[in-house]
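Okay, structure first, notes after.
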Amino acid sequence: MKTRLCSTLLSIVLLVVAILGVPPLAQASEQPLATVEAVSPAGPTAIGPGEIFRIRLTRLHCNDAQEEFPFFNHDEPYVTLAAIDLEPILAFPGTPQLTIAVTPYYDAVDDGDNRFPNLNVLNENVQDRVAVIAQVVERDTNVIDVADMAADAARAAFEDALAAGESDPEDLGRVVADALHTAVEGSDDDAIGPATLFMVTQLEFDGLAVNGSFTRSITAQSNNANYTLTFEIRRTA
């Protein structure tokens, strides 16, 4: 009797399953994956909020020092650096922000000499491309701190551009580069070429594993001086 009852109940259950149907298990397991991709702002390679990137000036190489006086070929160069990125807010790009850093003044730099600033211009999470600006300067005065004056001019130009509605890091980088160069040109120090701007793209940041790095070199040149600057872009976390 019990055997017949169990057999009957089993038959009823199988009939109900056949009529109503049961969704495949694979559909239930795929749903969370689709949800995760939907909230990712830049697809599967989006930079996470815990990923930290560093842009550092590692070397200043003198290819050709200025020749202001016969047989006196020493330079006293320094570099003003700036970086513009979009402030990360919960792994989303936010408002543009400006960072400025200045190397020490280097005495008695001759043709072929190297100096190693190891100066960071950015060390944080990034959520978009970053503009990097470098102005090489030959120091000729000890009376006025031209580097501070140029940095103030760059900050003011940056704030004015933001107030006017500019938000693109590359366009803001051009504004800052022009302000730095103009300020130095109006001083007793000598600008070695215009301020140089280069971009580090989000794709380049995405391609770095922890402790992975690559380098970028730029040249600053005027009529009587030539320098090469080497930057290291590294993911530190």
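The values are calculated or read from the model by the stated rules, or taken from the named source; none is laboratory data. Everything quoted here is computed from the prediction, not taken from an experiment. Using ideal geometry, Cβ is built from the backbone for each residue, glycine included, and neighbour counts are taken over all protein chains shown. For the accessible areas, the whole protein counts, side chains as well, though only heavy atoms, and no ligand, DNA or RNA atoms are used. Shrake-Rupley method; radii C 1.70, N 1.55, O 1.52, S 1.80 Å.
Measuring nothing but protein heavy atoms, the accessible surface of segment 94-237 at 1.4 Å probe radius is 46 percent carbon and sulfur. Cα-based radius of gyration for segment 92-237, normalised by 2.2 N^0.38 Å, reads 1.10. Were the residues from Thr228 through Arg174 laid out at 0.36 nm apart, the gain over their Cα-Cα distance would be 17.4 nm.
Per-residue packing, averaged as other Cβ atoms within 10 Å, sorts the ranges 175-185, 97-107 into the order 175-185, 97-107, beginning with the highest.
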